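First up is the structure itself, then whatever we jot down about it.
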Amino acid sequence: MPKGIIGKKLGMTQYFKDDGKVVPVTVVEAGPCVVAQVKTTEKDGYDAIQLGFGKTKASKMNKPLKGHFASKNIEKKRYLREFRNYSLDVSEGDEVTVADFSDGETVNVTGISKGKGFAGSVKRWNQSTGPNTHGSHFHRSPGSVGAVDARRVFKGHKMPGRMGHDQVTVQNLEIVKVDAERSLLLIKGSLPGPNKTILEIKTVDR
């Protein structure tokens, strides 16, 4: 069964392995996370745990969240994320740290990708451009948007619009190094979003 942790993306660097090979890695400040709630099939209909991450002030929280943390008598956290079918044996108030992970483990990382703003169909959907010479007035326009008889644009048609800022999951990434002293995970490859993005890191069942 998988285990997970919440982290904050710090940026990318390179890591030299013992055999001298250079690996591109993303540095993630992961945990410590507090177990804010344990959900069970009997009570909630499914098994999951709720983890809290990041410090915050009580003045920045709404009343339901304040009551949620007060009822558990645990420290208030800024971010809450839920992990289903959690493998670690934890109870409310326990801490989950990077020490629960090990080098070489495979993880899936979920985050919000970088926002690109409003983009045309050429950039957004990689559509072809028109001729750039000989008096052509068709360069980066969307072109035809459907049949004449329909008199409407069919749902799902690829057109200009907001690009990016979507939830993205990158699968099967390797944990290259676990730095328990500084609560850091070095994960091979790139991860979604700009620096300081909040990420959900889940191990993959093998």
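Taken together, the values in this text are just the output of simple stated rules run on the coordinates, not laboratory data. Computed from a predicted model, the values in this text were never measured in an experiment. Every residue, glycine among them, receives a Cβ derived from its backbone with ideal geometry; neighbour counts consider all protein chains shown.
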- According to the Cα gyration tensor, what semi-axes, each the square root of 5 times an eigenvalue, does the equivalent ellipsoid of segment 118-164 have, listed from largest to smallest in whole Å? 21, 17, 7
- Message: Could you give the length gained by full extension between LYS116 and SER87, i.e. 0.36 nm per residue of separation minus their alpha carbon distance, to one decimal place?
- Response: 6.7 nm
- Query: Which order, highest average first, do 69-77, 30-38 follow once you tally other Cβ atoms within 10 Å for each residue and take the mean per peptide?
  - Reply: 30-38, 69-77
- Using θ = phi - 60° and Karplus 6.51 cos²θ - 1.76 cosθ + 1.60, couplings along segment 89-94 (whole Hz; Gly, Pro as x): 7, 10, 10, 4, x, 6
- Item | THR56 versus LYS43: modelled label distance in nm, points set 7 Å from Cα along the beta carbon direction | 2.1
- Query: Quick one: net charge of LEU10's neighbours, Cβ under 14 Å, K/R +1, D/E -1?
  - Reply: +3
- Task: Could you tell me which of the pairs LYS9/LYS63; LYS8/LYS39; LYS57/LYS188; LYS57/LYS196; LYS21/LYS114; LYS39/LYS188 are separated by over 22 angstrom between their Cα atoms in the structure shown?
- Result: LYS9/LYS63; LYS8/LYS39; LYS57/LYS188; LYS21/LYS114; LYS39/LYS188
- Pseudo-spin-label distance HIS137 to ASP179, built 7 Å along Cα→Cβ, given in nm, is 5.9
- Query: Given H placed on each backbone N at 1.01 Å, which residues far from ARG140 in sequence or on other chains put an amide H within less than 5 Å of it?
  - Reply: GLY130
- Query: In deg cm²/dmol and to the nearest 500, what is the mean residue ellipticity at 222 nm of the chain if only DSSP H runs of at least 4 residues count, each as -39500 (n - 2.57), divided by the residue total?
  - Reply: -2000 deg cm²/dmol
- May I ask for the equivalent-ellipsoid semi-axes of the chain, computed as the square root of five times each C-alpha gyration tensor eigenvalue and listed largest first in whole Å? 41, 25, 16
- Count charges around SER190 for me, please; just the other residues with Cβ under 14 Å from its Cβ, Lys/Arg as +1, Asp/Glu as -1. +2
- Approximate spin-label separation VAL204-PHE154, in nm, with each point projected 7 Å along Cα-to-Cβ: 3.5
- Cα long-axis angle, helix 63-72 against the chain (0 to 90 degrees, to the nearest 10): 30
- Message: Could you compute the net charge surrounding GLY164? Neighbours are other residues with a C-beta less than 14 Å from the C-beta of GLY164; K and R count +1, D and E count -1.
- Response: +4
